[in-house]
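Note sheet for the following structure.
Each value in this text was obtained by applying a stated rule to the coordinates, not by laboratory testing. Values in this document were obtained by computation on a predicted structure and should not be read as measured data. Here the Cβ positions follow ideal geometry from the backbone for every residue, glycine too, while neighbour counts run over all protein chains shown.
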Amino acid sequence: MTSRPTARSTTTALPRGAATTTLATPDGPFTVIGAEGAVLASGWTEDLAELTGQIHPSILTARFDPAASTVQRIGEAVQRYYDGDLGTVAAVPVRQVSGPFRMHAWAVLREVGPGAPVTYAEYAQRAGSPTAVRAAAAACARNAAALFVPCHRIIRTDGGLGGFRWGLPIKQRLLDREAGLPGA
């Protein structure tokens, strides 16, 4: 990957003071919306509307300090991830809002390490609600901060991929990369 983060302008309504960057990655364009050093939303798209639609309304209406909202450090973490430092994205702060279970489930999801995917049932167990497999799956589906909150590391009990907002081919390539498979 040779591209460095570059800011994009848009007419999509962003939180006041937020910043964006889109990077070229082996998995396609990856865009981050960030504010004050934290990821608000991210994913493999250049369309900001695909990301802003995932941000909680309370964050969309928040005001952030534009001087503190550079996304350069976040973009550098993505660059390092794709350069092989797979754990670097775990250190990037994320700001998402939801109910208590989902907030806890997202925190638990950030503890699932690269190369060690778990099933939806195991994820529900780790989140403290072993019978809440659907709620755990919903936490993955509602995750706005792809890569930083690694919902791609959750798979079906039969070893199948399950779902992924950004497409199963990207999910498979991320898992292969994290497993250290050649060519990933």
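Short-range pairs are left out: with C-alpha atoms under 8 Å and at least six residues apart, the relative contact order of the chain is 19 percent. Peptides 89-97, 137-145 ordered by packing proxy, namely the average of other Cβ atoms within 10 Å per residue, highest first: 137-145, 89-97. Mean residue ellipticity at 222 nm, helices only, the chain: -8500 deg cm²/dmol; runs of at least 4 DSSP H residues each add -39,500 (n - 2.57), and the sum is divided by the number of residues.
Close amide H partners of PHE148, meaning residues 5 or more places away or on another chain with modelled amide H under 5 Å apart, do not exist here. Between the helical axis of 72-82 and the longest alpha-carbon principal axis of the chain there is an angle of about 40 degrees. Which of rounded, prolate, oblate describes the chain, given a ≥ b ≥ c as roots of the alpha-carbon gyration tensor eigenvalues and a/c under 1.5 marking rounded, otherwise prolate only if a/b is larger than b/c? Here the chain falls in the oblate category. 3J(HN,Hα) along the stretch 61-69: 9, 6, 10, 10, 6, x, 5, 9, 9 Hz, from the Karplus curve 6.51 cos²θ - 1.76 cosθ + 1.60 with θ = phi - 60°, whole Hz, x for Gly and Pro.
Relative to the longest principal axis of the Cα atoms of the chain, helix 100-109 runs at roughly 80 degrees. Under 5 Å from the amide H of GLY28 lies no amide H of any residue 5 or more positions distant or on a separate chain, with H modelled from the backbone and absent for Pro and chain starts. Couplings 3J(HN,Hα) for the stretch 84-97, derived from phi with the Karplus relation 6.51 cos²θ - 1.76 cosθ + 1.60 (θ = phi - 60°), are x, 8, 5, x, 4, 6, 5, 8, 7, x, 10, 10, 10, 10 Hz, where x marks Gly and Pro.
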